[in-house]
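Taking it in order: structure first as C-alpha cells, then the write-up.
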Amino acid sequence: MKIGIVCYPTFGGSGVVATELGKALANQGHQVHFITYSQPARLDFFSANLFYHEVAVRDYPLFDYAPYESALASKLVDVVRFEQLDLLHVHYAIPHASAAFMAKQILATYGINIPVVTTLHGTDITLVGKDATYKPVVTFSINQSDGVTTVSQDLKDDTYRHFEITKDIRVIPNFIDFNRFSLQPKDHFKKAIAPNNERILIHTSNFRKVKRTADVIKMFQKVQEVIPSKLLMVGDGPERSADEQLCRTLNICDNVRFLGKQDAIEEILSVSDLFIIPSENESFGLAALEAMACKVPVISSNAGGLPELNIDGFCGYMSNVGDVDDMAQKAISILKDDETLQRFKENALTRAKDFDLKKILPQYIELYNEVMQIK
Ligand code: GMT
C-alpha cells in the first residue's frame, strides 16, 4: 500500500503514535508518506519506504493567521496525485480531518477517490474539539471520514456523547515497540540519581494543566517523608515554572530533578521504580504504557481511558483525580519492600505485552483494507 500520514510532528502522543505506525508499516514493505509542517520528531533516519513532504505555509502581510489548513489540503492533493497514494490516515481531528475532506473533494474532480481514515487521540475531542469554535467542523469531518478510530473505548464513548456522529468508530489502542522500549542496564545512571539507593519516581508529559503535574509533586512530598526517594520530572510545558516553585515551597528541591525534554526516554524509564500519571483526563496514556514496557508500575488517576490500561492492584493502582493522599499511600505500598516492587514490575511488563505493536498493527491494516474495498 501507499499510505499518506498526517500528524502533528511534535513529541505529543498523537505524533508519536502516527510516526511509530508509519515506521512499522514501512518495515512491512508499505510505502509511507508523512505530510506535515516539519520533520516528525521520531523520523530522524533514512528508510527506503519512508518519505516526508513538508507543508510550507506562505506568509503574507494580510494574514494575521496563516491558513495552514489550506496549505495542508493543497499539499495532500499534490502528494496523492503524484505519488499515487492509496489511502490517507490523519491523526488528530483538528485541522487534519477537515483538510483531508477538502483534499478528497478536490481529488474527486481529477477522478481520484482517496479513502480517509481519521484517528482521534483525545484532546481533539475532550478539550479542543468539543468547543463551539471547532465543533461543527470536527463533527462534519469525522462523519465524512471513511474510517474512524479512537485510542480507547472511553474516547469512543466521549465522541458519541459530545458529537452527533453517524459513523462506526473502531477502538484501536496505542501500542508499544519492544525493540525500543524495554529495560536497559543503566546502573551508572541510577547511581548518579539515587546514590543511596533511593527509590526513583518519574513523571513524563508536556506539563499542560490537564496533566495535573502539581499533584505529582504533592504526592511525592508525602512519599519521600516515608520512603527515601527521588522524583524525575521529564518534559516541559506551561506548568513547569509553577511546579518548580511548588518544590521550593515544599522544601523538596534536593529530591526533585526537572530534566526537560528528553529523547532517550527509555533509558530514564529503565532506572525508574514508579511512574505517576494523575491526569484530569487521558484518552489512553501512552507515556504510562512506555513506562510499563520498561517494567515500571504505574500510579494513575482513574480518568478517561486509563482504567483500560492500568489494572488496579496488578501493575499499579488508580486513585480519584486530585486524591494525592490516596496516590501517596498506594505508591508507598508498592515501594515499601523489594519483593512487592519486583512483583509489580513484572506485572507491568506483562500488561504492556497486551499492547505489543505486533498485535495492534494488523488492526490498522485490516481497517485500511476495508476502507480501500468500499472505495
Ligand atoms: O497527552 C497529550 O497532551 C498529548 C496528546 C496528543 O494529542 O498528542 O496525547 C493524546 O494522544 C495520545 C496518543 O494517542 C494518548 O496516549 C494520550 O492519552 C492523549 N492525551 C490526552 O488525552 C490528554
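What to note about this one:
- Inter-residue pairs, beta-carbon under 6 Å, first within 17 Å of Pro173 (Cβ to Cβ) and in the range 352-375, second of a type in the set (Asp, Glu) and surrounded by 14 or more Cβ atoms within 10 Å (Cβ to Cβ), 6+ apart: Leu357/Asp177
- Considering the range 13-42, the residues that are surrounded by fewer than 21 Cβ atoms within 10 Å (Cβ to Cβ) and in a loop (DSSP other than H, G, I, E, B) include one that is farthest from the ligand (Cβ to nearest atom), namely Gly29.
- Restricting Lys230, Lys222, Lys209 to residues that are away from the ligand (no atom under 12 Å from the Cβ) and surrounded by fewer than 20 Cβ atoms within 10 Å (Cβ to Cβ) narrows the list to Lys222.
- Residue list for the range 146-166, filter: in contact (Cβ under 8 Å) with a residue 24 or more places away in the chain, surrounded by 15 or more Cβ atoms within 10 Å (Cβ to Cβ) and not small (Gly, Ala, Ser): Asp146, Val148, Thr149, Thr150, Val151, Asp154, Leu155, Asp158, Thr159, His162, Phe163, Ile165
- Filter result (among the hydroxyl-bearing types (Ser, Thr, Tyr) and surrounded by fewer than 22 Cβ atoms within 10 Å (Cβ to Cβ)) within the range 136-145: Thr139
- Answer residue from the range 186-206, given it is surrounded by fewer than 23 Cβ atoms within 10 Å (Cβ to Cβ) and β-branched (Val, Ile, Thr) and is farthest from the ligand (Cβ to nearest atom) among those: Ile193
- Output for the range 292-302, where each listed residue is part of a strand (DSSP E or B) and either free of Cβ contacts under 8 Å to residues at least 40 places away in the same chain or hydroxyl-bearing (Ser, Thr, Tyr) (or both): Ser300, Ser301
- Of the numbered criteria (1) without any contact (Cβ under 8 Å) to a residue 60 or more places away in the chain; (2) exposed (fewer than 15 other Cβ atoms within 10 Å of the Cβ), the one Ile169 fails is (2).
- Residues that are of a type in the set (Ser, Thr, Tyr), surrounded by fewer than 22 Cβ atoms within 10 Å (Cβ to Cβ) and near the ligand (Cβ under 8 Å from one of its atoms) within the range 118-135 comprise just one, Thr123.
- Filter pass, Thr10 being within 16 Å of the ligand (Cβ to nearest atom) and either at pLDDT 95 or above or crowded, with 20+ Cβ neighbours inside 10 Å (or both): no
- Candidates are the residues of the range 98-117 that are more than 16 Å from the ligand (Cβ to nearest atom) and over 21 Å from Pro67 (Cβ atoms); the one that is surrounded by the fewest Cβ atoms within 10 Å (Cβ to Cβ) is Gly111.
- Residue count, the range 302-317 (criterion: on the phi > 0 side of the Ramachandran plot and either surrounded by 22 or more Cβ atoms within 10 Å (Cβ to Cβ) or of a type in the set (Asp, Glu) (or both)): 2
- Note on the range 1-12: residues that are under 19 Å from Asn49 (Cβ atoms) and assigned to a loop (DSSP other than H, G, I, E, B) amount to 3.
- If you check Asp124, Asp158, Asp154 for being under 17 Å from Leu88 (Cβ atoms), of a type in the set (Asp, Glu) and not in a loop (DSSP other than H, G, I, E, B), only one passes: Asp124.
- Whichever residue in the range 266-305 is near the ligand (Cβ under 8 Å from one of its atoms) and of a type in the set (A, V, I, L, M, F, W, C) and, among such residues, is nearest to Thr126 (Cα to Cα): Phe284
- Residue within the range 44-61 that is within 15 Å of the ligand (Cβ to nearest atom) and closer than 20 Å to Ala97 by Cβ present: no
- The residues of the range 184-228 that are farther than 27 Å from Asn281 by Cβ and either in contact with a Phe, Trp or Tyr (Cβ under 8 Å, 6 or more places away or on another chain) or part of a loop (DSSP other than H, G, I, E, B) (or both), listed by number, are Gln184, Pro185, Lys186, Ala194, Pro195, Asn196, Asn197, Glu198, Ile227, Pro228.
- Filtered by the rule that a residue be more than 15 Å from Val223 (Cβ to Cβ), among the aliphatic types (A, V, I, L, M) and touching a strand residue (DSSP E or B) at 6+ places or on another chain (Cβ under 8 Å), the range 329-358 gives Ala348, Ala352, Leu357.
- The listed residue being touching a Ser or Thr at 6+ places or on another chain (Cβ under 9 Å), part of a helix (DSSP H, G or I) and more than 19 Å from Gln224 (Cα to Cα), out of Leu349, Leu289: Leu349
The values are calculated or read from the model by the stated rules, or taken from the named source; none is laboratory data. Predicted model, so just to flag it, every value in this text is computed and none were measured. No Cβ is skipped: glycine too gets one built from the backbone with ideal geometry, and neighbour counts run over all protein chains shown.
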